[in-house]
Amino acid sequence: MQNQNPESPQQAGGWMQGFPPPPEKTVRFADGSYYAWPRTQWSFNHMEQLVPTKEVWRGSGACRPLGAHLHDFSHLRIIDGAGQEHSWSEALAAIHTDALAIYHRGNLVFEQYFNESGPHQRHLLMSCNKSMVGLVAECLIADGTLNDQDLVPTLVPELADSAWGDASIRQIMDMTIGMHFHEDYLDPDSDVWRFMRSTGMAPRQPGDPAIIADYLPTVKKEGNHGEAFAYREPNIFVLGWVVRRAAGRDLATLASVLVWQHLGAEHDWVYMVDDSGAETTAAATLRDFVRFGALMLNGGQVAGQQVVPTAAVKNILCGGDQEAFAQGDYPELPGWSYRSQWWMRHHQGRICPTARGAHGQMLYLDPAQDLIIVRFGSAPDAPSYLADSIMWPLVDAISAELK
């Protein structure tokens, strides 16, 4: 399934080919087929053909080249969490990799595409978008537009009677909100699916809220805020509402003006939107997501110029509250923390900020080793932890190889 020509992605599954494509090879949003594996290998790379989207402009400047010094990783053997050994290619296939890039000390040392992916194909980022919104929020805090100690209703009074009525903006950013919300992507009756339908990321059913702003006020408080980490999807949409209100601009404009225009990106970042035009999840190319990672790794600098406030990046890279994280129910991630919509891997004395998204999306930063790993995926099931037994040994093998 490897793409031998990186400039021309293979149509590995034959989806949406021909005019009209045969019924068994047709992918649609309205009937849910876009979310049925293996059609996801195509839909995650072509979401603009299926639903309305909003562009995050890359700016008018030239694309910033990524240096290249390719490295052969094919000899690596990956020992998974169960003690089973995998070859390099077997490990990538086992976790349903669509694309992988490794950037080390200012050079792209590995880049490979599989299935329907390619360097000019934007791939859905899923919850990796949270980390962009977290950086936008930190930028607004750094310039005084936003105060993270304010309560949410200060900016969004519509949420005064919801789970966020007495929550601070910082508690949203760090996911320490106590709410009554069942989140299990493997359970079709879970609250998360009604939520997803209200965002426009899944086809609506009768009785569903029409837009995300109608859904969020219905979520009620359960437990105390600020005590334990609890990863819950609605928090990011509340944070998105907060930054829009604080800055008086939509999220796509904020992401462009504050971040994306400064990267030297090749392509626009693209948001899916709900029926009100509110941005939901996003898509970007592999190389541009590497550039986003490099911005963070370089402390908000691009080509020696400070383009994002130093304080905004530093406030993320410092890591989060490990004690609050330990109070949550995440035994598969011992010693981790969470800060400003970024997962934080505390590993061998290093803090490695990580953007994680459903079905295998990941942006991994190791500042101490000047290392960035970006992976796109189309795993059949959504939870990221299902791939962790191979993913983290793979990351550690890459890190050891490049020391």
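The values are calculated or read from the model by the stated rules, or taken from the named source; none is laboratory data. In this text, all values refer to a predicted model and were calculated from it rather than measured experimentally. No Cβ is skipped: glycine too gets one built from the backbone with ideal geometry, and neighbour counts run over all protein chains shown. Just so you know, the surface numbers come from the protein's heavy atoms only, side chains and all, with ligands and any DNA or RNA stripped out. Shrake-Rupley method; radii C 1.70, N 1.55, O 1.52, S 1.80 Å.
With the structure loaded, tell me whether H71 is of a type outside the set (F, W, Y), closer than 30 Å to Q369 by Cα and assigned by the TED database to the domain that holds P380 or whether it fails that test.
Here the answer is no, as H71 does not meet what is asked.
When the stretch 272-307 is examined, which residues are found to be of a type in the set (V, I, T) and farther than 30 Å from H46 by Cα?
Within the stretch 272-307, V307 is the sole residue that qualifies.
Just checking, how many residues over the stretch 212-229 are among the β-branched types (V, I, T) and surrounded by fewer than 18 Cβ atoms within 10 Å (Cβ to Cβ)?
1
Here are some conditions: (1) without any contact (Cβ under 8 Å) to a residue 12 or more places away in the chain; (2) assigned to a strand (DSSP E or B). M344 meets all but one. Which one does it not meet?
(1)
Assess whether T285 counts as being of a type outside the set (D, E), more than 21 Å from the chain's Cα centre (by Cα) and assigned by the TED database to the domain that holds A358.
no
Quick check on my filter: what residues within the stretch 187-241 are over 20 Å from A36 (Cβ atoms) and among the aliphatic types (A, V, I, L, M)?
A210, I211, I212, A213, L216, V219, A228, A230, I236, V238, L239 - these are the residues of the stretch 187-241 that are over 20 Å from A36 (Cβ atoms) and among the aliphatic types (A, V, I, L, M).
Taking M296 as meeting all but one of (1) more than 19 Å from I372 (Cα to Cα); (2) under 17 Å from the mean Cα position of the chain (by Cα); (3) not β-branched (V, I, T), write down the number of the exception.
(1)
Tally time: how many residues in the stretch 209-229 are farther than 21 Å from T53 by Cβ, assigned to a loop (DSSP other than H, G, I, E, B) and in contact with an Asp or Glu (Cβ under 9 Å, 6 or more places away or on another chain)?
So the answer is 6.
Could you please give the count of residues in the stretch 185-198 that are aliphatic (A, V, I, L, M), without any contact (Cβ under 8 Å) to a residue 60 or more places away in the chain and surrounded by fewer than 16 Cβ atoms within 10 Å (Cβ to Cβ)?
The qualifying residues number 0.
Which condition number in (1) in a loop (DSSP other than H, G, I, E, B); (2) open to solvent by less than 80 Å² (accessible area, probe 1.4 Å) is the one that R204 fails?
Condition (2) is where R204 drops out.
Give S340, S384 a once-over and let me know the one that is at pLDDT below 95 and either buried (at least 17 other Cβ atoms within 10 Å of the Cβ) or not assigned by the TED database to the domain that holds Y103 (or both).
From the options S340, S384, the qualifying one is S384.
Check whether at least one residue in the stretch 198-205 is more than 20 Å from the chain's Cα centre (by Cα), among the small types (G, A, S) and outside the structural domain of D381 (by the TED database), and report yes or no.
No.
For the structure I just gave you, tell me whether G304 is farther than 19 Å from M175 by Cα and out of contact with any Phe, Trp or Tyr (no Cβ under 8 Å at 6 or more places or on another chain).
The answer is yes for G304.
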